[in-house]
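S.K.: Encoded as structure tokens, here's the structure I'll be asking about.
Laboratory data are not the source of any read-out in this text; all were calculated from the coordinates shown. Just so it is clear, the structure is predicted and the values come from calculations on it, not from any experiment. Heads up, the Cβs are rebuilt from the backbone with ideal geometry, glycines too, and the neighbour counts pull from every protein chain shown.
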Amino acid sequence: MIAPASTQQKAEKLRAALRSHDNQYYVLSEPSISDMEYDQLMQQLVQLENEYPGLVTPDSPTQRVGGEPTKEFATVTHDVPMLSLSNTYSDEELDDFDRRVREILGSEKYQYVAELKIDGVAISLVYRNGLFVQGATRGDGTQGDEITKNLKTIRSIPLRVESGKSLPKNFEVRGEIYMTKKDFDTMNRKQEMLGEKTFVNARNTASGTLKLQDPKIVAMRKLRMFTYFLRTNDLTMKSHSENLQLLKKLSFVVNEHTTICKTISDAKAYCNEWMVKRSSLPYDIDGIVIKVDAIAQQQELGAVAKSPRWAIAYKYPAQQMETTLNAVTLQVGRVGTITPVAELEPVFVSGSTVSRATLHNEDYIRDLDIRVGDTVFVEKGGDVIPKVAGVNKKKRSKSSTPFTFPKKCPECGSRIFRPEGEAAYYCENFECPAQVRGRIEHFAHRRAMNIEGLGEAVIDLLVTTGLMHNIADIYSLKKEQIASLERMGDKSAQNLLDGIIASKQLPFGRVLFGLGIRFVGEGVAKLLADHFSSIDAIRSASLEDLENVEGIGPRIAESVFRFFRDTHSLKLVDRLVKAGVQTKSEKKKIAGRSSVTGKTFVLTGGLSSMSRDEAKEKIEARGGKSSSSVSKKTDFVIVGTDAGSKLQKAKELGITTISEEEFLRLLK
Ligand code: IVH
């Protein structure tokens, strides 16, 4: 149904109003109406567009609330690679950079632009005829994920830009997606209130959010964007600083602290200024970026490997906070490894509160001379795991004494020992409750035997009440025993029993992984299960037999060999076999060859009759291989709904493509 002219006008008015409010709020940082009033306007527009779907335009603000989930992101190749920056950490290195620039530019005059290095995620936006048509992540610099739908939800990204004589219509913009410290905290507080997991820091949240497949959730997280790059053939581009002005005219957000530096000394002063002021910014930065301003000079300077010669990053050290080390406790892992942990006076570091941090091992504590009661520096590494980076010795109390590593396991009181050449201590008691709990937790884990209802708390109860000493005991548990535990009624006991029974159907590879043999992760367990027909075959395999399995090195082979020579382990294995868990490979059960046997399949897009994992299992159960990328070795590409770039690749390589229906027929 076509909307009457008055309705069309009304819709256009609402759109213009919403666009202007977005601009006021996200670009100019001067909100013009309340959130509630904004939501009401949006609601009116949504209603009109629902009534008359013909009214929807690709740049309507309603398109920001997120459409249907994406099954798989397509891959896009960047027209011009997205380079990264070389890092520097000192004034001397900045001088070296300036010297290199001067050597190449000779007697030419040049100036720099200095910008804050926003701690976010780099992305690229492509506009055609003024409309935002494609957004992508940096990926490996050459190819990234196409995340247009997610980026459309970000209100500081214009869906359409103004047109004008001196404004480009076809161009690419690059910049950084980030979240403010305040929005991050508010979001985390909400998560806490809902009893949900909190996020580690703003950068990771922004990056994780962009990879979400449901744009509706992306729309709820308040992501923003600063832009710092423009490329177009519509105009001649003279300088980076002019490009930034142009970006502003196009309604993109350019960071307000960007400045021109006539000399490298000015740039150094800028770096120092923001080193001090960075904590007062409403978002995280991890350094400064210094760029040669003139585009012609940038081109003259070119790039080495993956970084341009015309720009450099000056990185700030990780932010450290001081706090008191209240105690050092020991954590015991499932193989008995003892890890010292710092118990800290809670302190806010780079976006979250830290009260515990790893101290790695005895040598680490000794090398840094860390003592209980010390004022220590806490920081988050690139992997965001908090660590104690040093001690403020000026604040050390006179009565403090060096830390001595305990001699006993904190869990069972047994002796602990440090094998020669290793940094870690181990608890010698195989029956140590911490190890017992750890082994059972590993066996019951989602990726191993996936026993629902057998989480940390229940395992703790079962071990402390003496009902469980090892993984085999799981299969002798009685309903009355479980129901008699604290907070465990009849119903939860039955659920747990159902979970235990269901686990008996899981494939042999999962059981092998669940045994917790050292160095045997999920992948290795599967390799072993595929290669040997049964647990008996692995048990009687020689060290050489094990080493001959493709993908198994001598270290793993020896660990597996030892495990199956240990009487303790063998007893457990016997009990598991008796309990009825799968100890034979499914693969060996295949009767005869099928048309799938020996063929390699790649799936692109989603299937309606099964999940991706199910499809993989079905292919493998019939002796076929399932791979994640298309190559000349691929026999078939199964084309599901929303097929991605793999379909394109298959066409290029001339690989046979089949529909879901044809795939189902092959399986039969
Ligand atoms: S310029 C070739 N400017 O830093 C030029 N990058 O370490 C490449 N970044 O991938 C980028 N703020 O994610 C540039 N003002 C800024 C930046 C910035 C943050 C990030 C960006 C880039 C990384 C390089």
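S.K.: Please turn the phi angles of segment 34-49 into ³J(HN,Hα) values with the Karplus equation 6.51 cos²θ - 1.76 cosθ + 1.60 (θ = phi - 60°), one per residue in order, whole Hz, x for glycine and proline.
M.R.: Result, rounded to whole Hz: 6, 4, 5, 4, 4, 4, 5, 4, 4, 4, 4, 5, 4, 4, 4, 5.
S.K.: A further question on this structure: Counting only residues 5 or more places away or on other chains, whose amide H sits under 5 Å from the amide H of residue 428 once H atoms are built in the peptide plane?
M.R.: The list, which skips near neighbours in sequence, is 415, 417.
S.K.: In Å, what Kirkwood hydrodynamic radius results for segment 248-316 from the alpha-carbon pair distances?
M.R.: 13.8 Å
S.K.: Related question: Can you compute the helix-only [θ] at 222 nm over the chain? Use -39500 (n - 2.57) per DSSP H run of at least 4 residues, normalise by all residues, nearest 500 deg cm²/dmol.
M.R.: Counting only the DSSP helices, I get -10500 deg cm²/dmol.
S.K.: Counting other beta carbons within 10 Å of each residue's own, what order do 148, 62 fall into, fewest first?
M.R.: The order, fewest Cβ neighbours first, is 148, 62.
S.K.: Taking the convex hull of the Cα atoms, report for segment 518-658 its projected area averaged over all directions, in nm². Working shown, then result.
M.R.: Values: hull surface 41.8 nm².
Averaged projected area of segment 518-658's Cα convex hull equals 10.4 nm².
S.K.: Here's something else I'd like to know. By average Cβ neighbour count within 10 Å, what is the ranking of 118-129, 239-250, 22-33 from highest down?
M.R.: On the way: 118-129: 20.1, 239-250: 18.1, 22-33: 14.3.
Ranking, from highest mean packing down: 118-129, 239-250, 22-33.
S.K.: If you check each cysteine of the chain for another cysteine whose beta-carbon is under 4.7 Å away, which ones come up empty?
M.R.: 261, 271
S.K.: Please work out whether segment 326-378 counts as rounded, prolate or oblate from its C-alpha gyration tensor, where a ≥ b ≥ c are the square roots of the eigenvalues and a/c under 1.5 means rounded, while otherwise a/b larger than b/c means prolate and anything else oblate?
M.R.: Oblate shape, in that a/c is at least 1.5 and b/c is the bigger or equal ratio.
S.K.: Take segment 154-286, drop everything but the C-alpha atoms, weight them equally and run the Debye formula without solvent; then report log10 I(q)/I(0) at 0.14 Å⁻¹ to two decimals.
M.R.: At q = 0.14 Å⁻¹ the computed log10 ratios are -0.81.
S.K.: With +1 on each Lys and Arg Cβ and -1 on each Asp and Glu Cβ, how big is the dipole of segment 263-379 about its Cα centre, in debye rounded to the nearest 20?
M.R.: Roughly 360 debye, rounded to the nearest 20.
S.K.: Could you give each residue of segment 562-571 its phi-based ³J(HN,Hα) in whole Hz, using Karplus coefficients 6.51, -1.76, 1.60 with θ = phi - 60°, and x for Gly or Pro?
M.R.: 4, 3, 7, 10, 8, 4, 4, 5, 5, 4
S.K.: List, largest first, the extents of the alpha carbons of segment 538-590 along their principal axes, each in whole Å.
M.R.: Here the spans come out as 33, 32, 14 Å, largest first.
S.K.: Largest first and in whole Å, give the semi-axes of segment 38-167's equivalent ellipsoid, each being the square root of 5 times a Cα gyration tensor eigenvalue.
M.R.: The equivalent ellipsoid of segment 38-167 has semi-axes of 40, 18, 15 Å.
S.K.: Ranked highest first by average number of other Cβ atoms within 10 Å, how do 167-178, 634-645 line up? Don't jump to the answer; show the numbers that get you there.
M.R.: Values: 167-178: 20.6, 634-645: 19.1.
Ranking the peptides 167-178, 634-645 by packing returns 167-178, 634-645.
S.K.: Taking amide H positions as placed 1.01 Å from N in the peptide plane, with prolines and chain starts having none, which residues 5 or more places from residue 391, or on another chain, fall under 5 Å of its amide H?
M.R.: Under 5 Å from the amide H of residue 391: 377.
S.K.: Share of Cα-Cα pairs in segment 139-179 beyond 12 Å, in percent?
M.R.: When all Cα pairs of segment 139-179 are counted, 74 percent exceed 12 Å.
S.K.: Continuing with this model, one more query. Of 373, 89, 43, which is farthest towards the positive pole of the chain's charge dipole, taken about the Cα centre with +1 and -1 on the beta-carbons of Lys, Arg and Asp, Glu respectively?
M.R.: Highest projection toward the positive end goes to 43.
S.K.: Here's another thing I want to ask about it. Can you give the Rg to Rh ratio of segment 356-515, both from alpha-carbon atoms, with Rh computed by the Kirkwood formula?
M.R.: Looking at segment 356-515, the ratio lands at 1.10.
S.K.: Give the lysines whose C-alpha is closer than 21 Å to that of residue 149, dropping any in the same chain fewer than 8 places away, or say none.
M.R.: Cα-Cα hits under 21 Å: 71, 169, 211, 216, 222, 646.
S.K.: Next question, about the same structure. Given just the C-alpha atoms of the chain, how large is their convex hull per residue in cubic angstrom? Don't jump to the answer; show the numbers that get you there.
M.R.: Numbers: hull volume 157.0 nm³, N = 668.
For the chain, the hull spanned by Cα atoms encloses 235 Å³ per residue.
S.K.: Over the Cα atoms of segment 111-216, Rg to Rh with Kirkwood Rh, two decimal places?
M.R.: A ratio of 1.03.
S.K.: Can you give me the long-range amide H partners of residue 175? Hydrogens built in the peptide plane at 1.01 Å from N, cutoff under 5 Å, separation of 5 or more residues or another chain.
M.R.: For residue 175, the qualifying residues are 123, 228.
S.K.: Report, in debye and to the nearest 20, how large the dipole of segment 484-625 comes out about its Cα centre when Lys and Arg carry +1 and Asp and Glu carry -1 on their Cβ.
M.R.: 280 debye
S.K.: Same structure, new question: Just want the ordering: 1, 237, from fewest to most Cβ atoms lying within 10 Å of their own Cβ.
M.R.: Ordered from fewest to most neighbouring Cβ atoms within 10 Å, 1, 237 come out as 1, 237.
S.K.: Work the Kirkwood hydrodynamic radius out for segment 299-451: mean of 1/r over every pair of different alpha-carbon atoms, inverted, in Å.
M.R.: Kirkwood hydrodynamic radius for segment 299-451: 18.2 Å.
S.K.: Whole number please: convex hull volume per residue, Cα atoms of segment 1-77, in Å³.
M.R.: On the way: hull volume 10.6 nm³, N = 77.
Convex hull volume per residue, Cα atoms: 137 Å³.
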